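**Student:** The following block contains the structure, expressed as structure tokens.
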Amino acid sequence: MLLMILVTLLLVPGILFTTGAGFAFGLLEGVVYVVIGTTLGAVLAFLIARHLMGERAAQFVRSHSRLQHVSQELVPEGWKIIMLTRLVPFFPFKVSNYFFGLTGFSLRGFTLGTLAGIIPFSLHNVYLGSIAADIALLGAGESAFTPLQWALYGSGFIVVVVLVLYINRLARRALARYTDDTEPGEV
């Protein structure tokens with residue numbers, strides 16, 4: 001979890017660490033470590049931005065019309081907007097943690113939205129790592145999978161990919177609805 005906190009704070013690409021968690025700890029334990037560590041790292045980045053970056057950085061956000069629009073119009077939706085940005089990989093996760101700290105989003109809404117929003121991709125990446133670990137064990141001759149086990153792995157992988165794509169699509173639509181409903185200049 002400490003490693004995931006540091007990866008999040010230091011803006012390091014996390015895919016190797018999330019799949020590595022699946023490889024090292026398995027699916028359930030890996031997902032728990034990744035989700036908790038990433039959420040804690042995101043919260044720390046949010047708090048650093050809110051309390052240590054100062055008024056100058058917050059003023060920068062307020063002085064740019066698009067950024068100000070996000071801050072003024074979308075903040076009332078709170079955790080839902082945060083969750084949607086986590087579900088759409090278009091938004092740079094690690095940078096947005098700092099950005100959200102400079103806006104009016106509440107810490108509670110940020111934390112809940114982040115926690116709910118990172119679960120699907122974390123599950124996907126950790127699952128890939130756990131499959132890689134099982135295949136590595138198979139290559140080492142430590143276990144042999146039955147056709148049923150292979151079918152479960154394959155169908156599980158397909159279900160996770162379809163679920164992530166479906167959630168991503170829903171999140172994009174919902175986020176587009178929020179931004180279409182709140183065009184700049186409508187105050």
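The values are calculated or read from the model by the stated rules, or taken from the named source; none is laboratory data. Values in this document were obtained by computation on a predicted structure and should not be read as measured data. Heads up, the Cβs are rebuilt from the backbone with ideal geometry, glycines too, and the neighbour counts pull from every protein chain shown. Surface accessibility is based on the protein's heavy atoms, side chains included, excluding ligands, DNA and RNA. Shrake-Rupley method; radii C 1.70, N 1.55, O 1.52, S 1.80 Å.
**Student:** Put a dot 7 Å past each Cα toward the Cβ at Glu29 and Ser155; how far apart are the dots in nm?
**Tutor:** With each label point 7 Å from Cα toward Cβ, the separation is 2.7 nm.
**Student:** Report the calculated FRET efficiency for Leu3 and Val95 (r = Cβ-Cβ distance, R0 = 30 Å), to the nearest 0.05.
**Tutor:** With a Förster radius of 30 Å, E is 0.95.
**Student:** Roughly how many Å² of Leu28 are accessible to a 1.4 Å probe, to the nearest 10?
**Tutor:** 140
**Student:** Around Gly117, what is the net charge, scoring Lys/Arg as +1 and Asp/Glu as -1 over all other residues with Cβ under 14 Å from its Cβ?
**Tutor:** +3
**Student:** Could you derive backbone 3J(HN,Hα) for the stretch 38-50 from the dihedral phi with the Karplus parameters 6.51, -1.76 and 1.60 (θ = phi - 60°), listing whole Hz in sequence and x where the residue is Gly or Pro?
**Tutor:** 5, 5, 4, x, 5, 5, 4, 4, 4, 5, 4, 5, 5
**Student:** Can you tell me the FRET efficiency between Arg108 and Leu52 if r is taken as the Cβ-Cβ distance and R0 is 30 Å, rounded to the nearest 0.05?
**Tutor:** With R0 = 30 Å, the Cβ-Cβ based efficiency is 0.90.
**Student:** For the full complex of protein chains and a 1.4 angstrom probe, list Arg169, Arg56, Arg108 by accessible area with the highest value first.
**Tutor:** Order by accessible area, largest first: Arg56, Arg108, Arg169.
**Student:** Same structure, new question: Kindly write out, for the stretch 25-33 in residue order, the coupling ³J(HN,Hα) from the Karplus curve 6.51 cos²θ - 1.76 cosθ + 1.60 (θ = phi - 60°), rounded to whole Hz, with x marking Gly and Pro.
**Tutor:** Result, ordered by residue: 10, x, 5, 5, 5, x, 4, 4, 4 Hz.
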